[in-house]
Amino acid sequence: MDDVTRESMEYDVVIVGAGPAGLSAAIRLKQLDADLNVVVLEKGSEVGAHILSGAVLDPIGLEALIPDWKERGAPITVRVRKDNFHILGEGGHVRIPNWPMPPLMNNHGKYIVSMANVCRWMAREAESLGVEIFPGMSCSELVYVDAGEVRGVVAGEFGLNPDGTPSDAYEPGMELLGKYLFLAEGARGSLSKQVIAKYDLGAGHDVQKYGLGMKEIWEVDPAKHREGTVTHTMGWPLGKRAGGGSFIYHLENNQIYVGFVVHLNYKNPHLYPYMEFQRFKHHPMVADLLKGGKRIAYGARAISEGGWQSIPKLVFAGGALLGCSAGLVNVPRIKGNHNAMLSGKAAAEAAHAAIREGRQGDELTQYETDLRSGPIAKDLKTVRNVKPLWSKLGMVTSLVLGGFDMWVANLTGWNPLGTLKHGKTDAAATGLAADFPEIDYPKPDGELSFDRLTNVAFSFTNHEENQPCHLKLADPSIPINVNLPKYDEPAQRYCPAGVYEVIEDSDGPRFQINFQNCVHCKTCDIKDPSENITWTTPQGGDGPNYPNM
Ligand SMILES: Cc1cc2nc3c(=O)[nH]c(=O)nc-3n(C[C@H](O)[C@H](O)[C@H](O)COP(=O)(O)OP(=O)(O)OC[C@H]3O[C@@H](n4cnc5c(N)ncnc54)[C@H](O)[C@@H]3O)c2cc1C
């Protein structure tokens, strides 16, 4: 609504997103100058509520930010002791020994953590330094000044009716304005997407690529639990249908994270990523581990996979992209938290220097330079050809060729394969339904595998029903008139939360959006073959409530 009058608050730096990137930036700013006014805005009901990643953390980022993190009680205690990599066939598996892997793939010495809990701890550290953190505040709009630079965001708008008109309880939210705005929204951030388009930040860079990551937390039989063990797999059940694989991390208290990533550049629109994950748990190696255990939480989130060649220009007048808003995941390592933290630190240092010089609202070029020449660049450049090789040549060839390229780059800093391109966006990669076979997925058994809606209940997601649907269709006719005949409307399957349904009514098929189920993974914004769906923020505090993931 354009005619709304809002109060505004002035800060030195406004940060959108209380993930590892945003919190690192906030902490670093206050470490450098305790007098800076810094605010962090988070759409989750609390810090950590929307942080899915149950992760293997490379502590390099945290070491650089808070060197005494151990003494300060960071919830980072489970060291990786065993690191397994298996190629699965339907009934068996082959373990690939660690020695052919480039050293960067080694997980020994890293930590198995709940990133939600790490973020909760980082938020306490930030608050103790004087950072203001407001959870339950969705940042729904950018605020620009006439010259075209970004000045801040609108956050905390509540009480719109489903048709977008203000209800009696309407609160317009506030404008939070800063000398600089940091967008640390994670993969496919909704405001980040807008600034990337407005300032053409992707020009001269490759397209961004994504995977869909799904994860469950299980409590397993203590006799089967091996604290500190990390297992990754490739192969079955995806086979040649899509890139991706699984991870199984044993943390403490007999809990394990079981997760599955499907690269979103798959062609067959009949593919059902959620059901691939459920099927995976029936592999004898996994089923043996899970039998007798209990699934206690579920969630899903897109993961950026484009790597080095897909990082857009990072700065624009008045702001910067941090962490996975810029796509800083190292794909073969499945790690992005360390780079998120390092990027937050680098952006904070650039903003601090600029503010000290009396600048504001310009481009923080120092941040761009630091990121493209420092440890993040080294981490991502080495592995830059793994994803394009996998997309073009499949798993086996990419393991051999990608492994060779990584080994040489690791030893010499030079990639013999140069920089390979990704090609199409994930949306454009989707093929026609008629050209691909349908896939027959086994019914979940309710013990190891679960139907989608039952599992969504374990994400503890919640959306106030009386608000506009936050999943916007540019053209409401496209799902039934275009996507259904051409692609068998893949939204029914790619969404890991059952948000999208095609209902057969007496007068024909109808597209239904159950936005209340949304777990904020952003897959629809990425994979819709007609690029017709835009994910926007629902009102603050809505969405998943991940307990300990
Ligand atoms: C399944 C899966 C497994 C992974 N495993 C690992 C691993 O083992 N190790 C590893 O290092 N990395 C892993 N990653 C990658 C890692 O999660 C990311 O690199 C990391 O989360 C990026 O941090 P970030 O701070 O940029 O974004 P995020 O962690 O996504 O945080 C963004 C925050 O911003 C908030 N936000 C977003 N938009 C708005 C808005 N408009 N208004 C207000 N708040 C907003 C979100 O709610 C969220 O809290 C994994 C990712 C996935 C999906």
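Here are some residues: Leu177, Leu212, Leu183. Which one is aliphatic (A, V, I, L, M), more than 11 Å from the ligand (Cβ to nearest atom) and surrounded by 15 or more Cβ atoms within 10 Å (Cβ to Cβ)?
Exactly one of Leu177, Leu212, Leu183 is aliphatic (A, V, I, L, M), more than 11 Å from the ligand (Cβ to nearest atom) and surrounded by 15 or more Cβ atoms within 10 Å (Cβ to Cβ), namely Leu177.
Have a look at Val94, Val78 and point out the one that is of a type in the set (Val, Ile, Thr) and either surrounded by 16 or more Cβ atoms within 10 Å (Cβ to Cβ) or within 15 Å of the ligand (Cβ to nearest atom) (or both).
Val78
For the stretch 287-314, enumerate the residues that are open to solvent by less than 10 Å² (accessible area, probe 1.4 Å) and away from the ligand (no atom under 16 Å from the Cβ).
Answer for the stretch 287-314, where residues must be open to solvent by less than 10 Å² (accessible area, probe 1.4 Å) and away from the ligand (no atom under 16 Å from the Cβ): Ala287, Leu290.
Considering each of Glu465, Glu447 in turn, give the residue that is modelled with pLDDT under 95 and not in a strand (DSSP E or B). It would help to see each step written out before you state the result.
Details: Glu447 fails: modelled with pLDDT under 95.
That would be Glu465, the only listed residue that is modelled with pLDDT under 95 and not in a strand (DSSP E or B).
When you check Ala18 against the structure, is it within 20 Å of His352 (Cβ to Cβ), more than 11 Å from the ligand (Cβ to nearest atom) and either open to solvent by less than 60 Å² (accessible area, probe 1.4 Å) or outside any helix (DSSP H, G or I) (or both), yes or no?
Taking the combined requirement at face value, the residue does not satisfy it.
When only residues in the stretch 38-60 that are assigned to a strand (DSSP E or B) and near the ligand (Cβ under 8 Å from one of its atoms) count, which is farthest from Ala74 (Cα to Cα)? First the steps, then the outcome.
Step one: of the stretch 38-60, the residues assigned to a strand (DSSP E or B) are 38-41, 54-57.
Next, from what is left, pick out any that are near the ligand (Cβ under 8 Å from one of its atoms): 41, 54-57.
Working: Leu41: 22, Gly54: 15, Ala55: 15, Val56: 15, Leu57: 12 Å.
Residue satisfying both the conditions and the ranking: Leu41.
Could you list, ordered by first residue, the pairs with Cβ atoms under 7 Å in which the first is in the stretch 142-154 and in a strand (DSSP E or B) and the second is of a type in the set (Lys, Arg), at least 6 apart or interchain?
Sorted first by the residue in the stretch 142-154, then by its partner, the pairs are Val143/Arg151; Tyr144/Arg151; Val154/Arg6.
Any idea which of Phe260, Phe277 is outside any helix (DSSP H, G or I), within 25 Å of Asn545 (Cα to Cα) and either in contact with an Asp or Glu (Cβ under 9 Å, 6 or more places away or on another chain) or open to solvent by 20 Å² or more (accessible area, probe 1.4 Å) (or both)?
Within the list Phe260, Phe277, the selection yields Phe260.
Tell me, which strands (runs of 3 or more DSSP E) lie completely within the stretch 478-549 with 3 or more residues that are away from the ligand (no atom under 11 Å from the Cβ)?
Once the strands (runs of 3 or more DSSP E) in the stretch 478-549 are filtered for at least 3 residues that are away from the ligand (no atom under 11 Å from the Cβ), what remains is 500-505, 508-513.
Mind counting the residues in the stretch 186-205 that are out of contact with any Lys or Arg (no Cβ under 6 Å at 6 or more places or on another chain), farther than 17 Å from Ser140 by Cβ and either away from the ligand (no atom under 15 Å from the Cβ) or open to solvent by 60 Å² or more (accessible area, probe 1.4 Å) (or both)?
6
Regarding Glu127, is this residue of a type in the set (Asp, Glu) and either under 25 Å from the mean Cα position of the chain (by Cα) or within 16 Å of the ligand (Cβ to nearest atom) (or both)?
Yes: the conditions hold for Glu127.
Kindly indicate which of Ser128, Ser114, Ser140 is modelled with pLDDT of 95 or more, surrounded by fewer than 20 Cβ atoms within 10 Å (Cβ to Cβ) and of a type in the set (S, T, N, Q).
Ser128
If I filter the stretch 228-238 for residues that are open to solvent by 20 Å² or more (accessible area, probe 1.4 Å), assigned to a loop (DSSP other than H, G, I, E, B) and in contact with a strand residue (DSSP E or B) (Cβ under 9 Å, 6 or more places away or on another chain), do I get at least one hit?
Yes, the stretch 228-238 contains at least one residue that is open to solvent by 20 Å² or more (accessible area, probe 1.4 Å), assigned to a loop (DSSP other than H, G, I, E, B) and in contact with a strand residue (DSSP E or B) (Cβ under 9 Å, 6 or more places away or on another chain).
The values are calculated or read from the model by the stated rules, or taken from the named source; none is laboratory data. Note that this is a predicted model, so its numbers are computed, not measured. For neighbour counting, all protein chains shown are included, and Cβ atoms are generated from backbone atoms with ideal geometry for every residue, glycine included. Only protein heavy atoms, including side chains, enter the accessible area calculation; ligands, DNA and RNA are left aside. Shrake-Rupley method; radii C 1.70, N 1.55, O 1.52, S 1.80 Å.
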